[in-house]
Amino acid sequence: MRINVAQLLKEPVGSSRGYPINEPLGQEGIDLVTGEVALVHTNRGILVKATMVANVTGVCSRCLSPVNYKVNFNLEDEFFPRLDMAGDATLSGESDNSVTIDDDHLLDLREVIRQYTLSAMPTKPLCRPDCAGLCPLCGHELSRGPCRCPSGIHDQRWSKLVRSGKESEV
């Protein structure tokens with residue numbers, strides 16, 4: 001996901017280019033990323049606008065089984081060149097390496113796409129909406145059926161709360 005923007009930086013402000021993206025990212029469970037990227041030359045650098053879909057592999061937050069899902073997000077960020085087009089002067093300005101155009105005038109979108117994907121991912125992914133999770137005592141996956149644990153046994157950490165609920169019923 002590296003795009004050479006040297007020619008775009010030579011063109012007048014407002015010039016634009018479009019690129020399709022269909023590449024594996026291969027980081028932190030983010031598999032394939034697809035979408036359309038539009039690059040616009042601004043007076044300071046390159047504005048990147050994209051509509052993306054990332055295929056993500058994760059773990060269900062209730063039953064801990066593997067889950068695959070898609071994450072949709074819109075990306076909008078401005079990238080700044082480190083060197084002028086002549087290549088002999090370092091430009092001042094933004095110092096964050098994730099939003100800079102390198103010395104060869106290559107725009108690397110991998111880190112920005114990774115960050116946008118992570119921020120768009122659900123905090124508690126589920127394998128399915130009705131996932132029952134795991135039994136807190138034996139670890140049985142409750143979506144496959146009930147476990148053999150006695151139903152009257154509660155976690156001792158909740159015992160005072162359970163007793164106070166029974167006292168209020170009296």
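No lab work stands behind these numbers, since they all come straight from the coordinates. These numbers were taken from a predicted model, which means no experiment stands behind them. Glycine gets a Cβ as well: all are built from the backbone with ideal geometry, and neighbour counts include every protein chain shown.
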Likely footprinting exposure, Arg114, Arg148, fewest C-beta neighbours within 10 Å first: Arg148, Arg114
Please work out how much length the chain gains when fully extended from Val40 to Cys135, using 0.36 nm per residue of separation minus the C-alpha to C-alpha distance, in nm with one decimal. 28.9 nm
Give me the distance in nm between label points sitting 7 Å out from Cα along the Cα-to-Cβ direction at Glu23 and Lys49, one decimal. 2.2
To the nearest 10 degrees, how steeply does helix 159-169 sit against the main Cα axis of the chain, on a 0 to 90 scale? 60
Any idea what the dipole of the stretch 2-120 comes to, in debye rounded to 20, about its Cα centre with Lys/Arg Cβ at +1 and Asp/Glu Cβ at -1? 480
Averaging 1/r across every pair of distinct alpha carbons in the chain and inverting yields a Kirkwood hydrodynamic radius, in angstrom, of 19.9
Spin-label pair Glu78/Asp103, simplified geometry with 7 Å Cα→Cβ offset, distance in nm: 2.6
So how far apart, in nm, are the two label points at Ser164 and Gln7 if each is 7 Å from Cα heading toward Cβ? 7.0
